[in-house]
1. Mind telling me which of Ala247, Ala89, Ala46 comes out most flexible in a GNM of the chain, alpha-carbon contacts under 10 Å?
2. Taking the Cα centre of region 110-266 as origin, sum charge times position over the Cβ atoms of Lys and Arg (+1) and Asp and Glu (-1), and report the length of that vector in debye to the nearest 20.
3. Would you please classify the overall shape of region 214-313 from the alpha carbon gyration tensor, given that a ≥ b ≥ c denote the square roots of the eigenvalues, rounded means a/c under 1.5, and beyond that prolate means a/b larger than b/c while oblate covers the rest?
4. Averaging the inverse of every distinct alpha carbon separation and then flipping it gives the Kirkwood radius. What is it for region 124-255, in angstrom units?
5. Treating only the Cβ atoms of Lys and Arg (+1) and Asp and Glu (-1) as charged, compute the dipole magnitude of the chain about its Cα centre; round to the nearest 20 debye.
6. Classify the chain: rounded, prolate or oblate, from the alpha-carbon gyration tensor (a ≥ b ≥ c, eigenvalue square roots; a/c under 1.5 rounded; otherwise prolate if a/b is larger than b/c)?
7. Taking every pair of Cα atoms in region 6-120, average 1/r, invert it to obtain the Kirkwood radius, and report Rg/Rh to two decimals.
8. Counting helices only, and only those DSSP H runs with n ≥ 4, report the 222 nm mean residue ellipticity of the chain as the sum of -39,500 (n - 2.57) divided by its residues, in deg cm²/dmol to the nearest 500.
Amino acid sequence: MENVSERIQSQSIQALESTIRKSENALTQMTQKGANTTLIEKRLKALRIGLSMLEHVWQHKPHPYTSGDLIEARSVLTGLMPSIDNSLAKAKEGSPQRTLLIRRMQALELAVQAMDELMKGGTPVNSYYGELCTKIYESDKSLAEGRELDFYLSFVDRTDMRVLEPMCGNGRMLIPFMQRGIQIEGFDISEDMLKVCREKGDRFNLKPHVYYQKIEDFVSSEQFDLIMIPFGSFSLLPSELVNQSLANLQSALKAEGKLLLTIMLKGNNVEEIPEWRETDRKVVNDELIVLSKKVQYRKEQSMLVTELKYELVKDDKIQKTEVMNFPLRLYDMREFEDILRENGFQHIHLHEVKDGYGEGTYFHIFECSLSDLSQGAT
Ligand SMILES: C[S@@+](CC[C@H](N)C(=O)[O-])C[C@H]1O[C@@H](n2cnc3c(N)ncnc32)[C@H](O)[C@@H]1O
């Protein structure tokens with residue numbers, strides 16, 4: 001993949017972008033006609049993953065996909081190739097249509113090659129919030145408390161309210177809600193985080209209703225009074241998944257329901273760390289975990305890309321290593337407000353919670369809703 005010329009790289013990226021646009025248009029038309037869109041949605045997802053792979057290998061952009069996603073996308077993309085071959089056989093020599101098809105085919109082949117290389121290399125493809133990372137998270141962020149917890153609780157004003165927490169992780173917020181008898185459920189893509197959440201629930205005689213689910217694929221059969229995503233987790237989503245994720249939240253929100261979202265804001269000075277640097281060591285349950293970091297800020301994409309390396313050390317020997325890609329999309333407040341508005345949310349209020357994460361800290365949170373019934377706090 002390294003030997004591919006810059007010209008072919010940019011041609012291939014453009015070819016996939018244009019195929020994605022075409023499929024998006026087709027999807028819109030089919031939706032308007034009420035046609036079955038399962039196949040085209042699957043194809044669109046695979047194409048997006050394919051594009052993401054090319055950008056990952058050539059432009060070092062982070063991607064949020066798991067090995068399972070790659071396997072599924074690979075099979076969809078290879079399934080598209082015979083029909084392109086057929087059209088190629090019929091296309092006139094030297095015609096623009098033929099050039100387009102050749103480039104499309106080449107882009108698909110390169111995307112599949114990129115997937116194969118990633119999986120073959122045994123790179124922990126997105127070992128997201130794995131076991132060691134979860135241990136560290138749980139060791140210092142087990143249960144929300146103080147001003148942060150009070151802020152979220154202040155939105156629960158009826159006993160029959162139903163709350164949803166996407167990206168709930170280890171249940172840091174979900175468990176304190178359950179302890180107060182609030183009906184809440186959550187989902188996450190880290191099985192390790194979910195396991196810790198369930199175990200913590202057990203210790204408090206609670207049975208958390210939490211499950212594996214990607215926010216970008218979330219389809220709810222129920223609707224909630226309150227949906228909340230604390231702690232900047234929404235910033236973990238790459239830009240291309242933001243609109244779909246917001247649409248999914250929208251359909252899970254009651255007309256008079258409220259959405260509370262935190263994001264990571266631009267503006268703080270970022271210290272880039274080009275080479276691995278040890279930043280922390282912790283003893284968790286008698287085990288020493290050493291944390292190292294690399295940090296890069298990609299200004300054009302407003303992405304703060306951190307690579308985290310967790311090493312479990314016993315008798316001076318590394319027993320286990322976990323590398324995690326931790327890309328964060330940083331936003332301007334105004335920019336995120338516009339994104340919410342463009343995605344159909346109204347009554348947008350920005351709250352600042354002083355001492356939110358402890359004395360001397362503060363965080364910002366967007367409150368929004370869908371309907372005119374919502375009053376919104378200030
Ligand atoms: C920083 S943790 C925060 C957990 C929780 N919101 C809290 O306040 O403690 C972020 C969580 O988001 C989850 N996550 C990341 N991408 C996700 C996605 N696409 N869908 C669902 N969960 C996701 C991660 O697995 C992780 O557990």
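1. Ala89
2. Result for region 110-266 is approximately 300 debye, rounded to the nearest 20.
3. prolate
4. About 15.2 Å, per the Kirkwood formula over Cα pairs.
5. Here the chain has a charge dipole of around 1100 debye.
6. Details: a/c = 1.96, a/b = 1.34, b/c = 1.46.
Since a/c reaches 1.5 but b/c is at least a/b, the shape of the chain is classed as oblate.
7. Numbers: Rg = 14.4 Å, Rh = 14.7 Å.
Reported Rg/Rh (Cα atoms, Kirkwood Rh): 0.98.
8. So the calculated ellipticity at 222 nm is -14000 deg cm²/dmol.
Bear in mind that the values in this text are calculations on the coordinates, not laboratory data. Please read these numbers as outputs of a predicted model, since none were measured by experiment. Cβ coordinates were reconstructed from backbone atoms using ideal geometry, including for glycine residues, and neighbour counts include every protein chain displayed.
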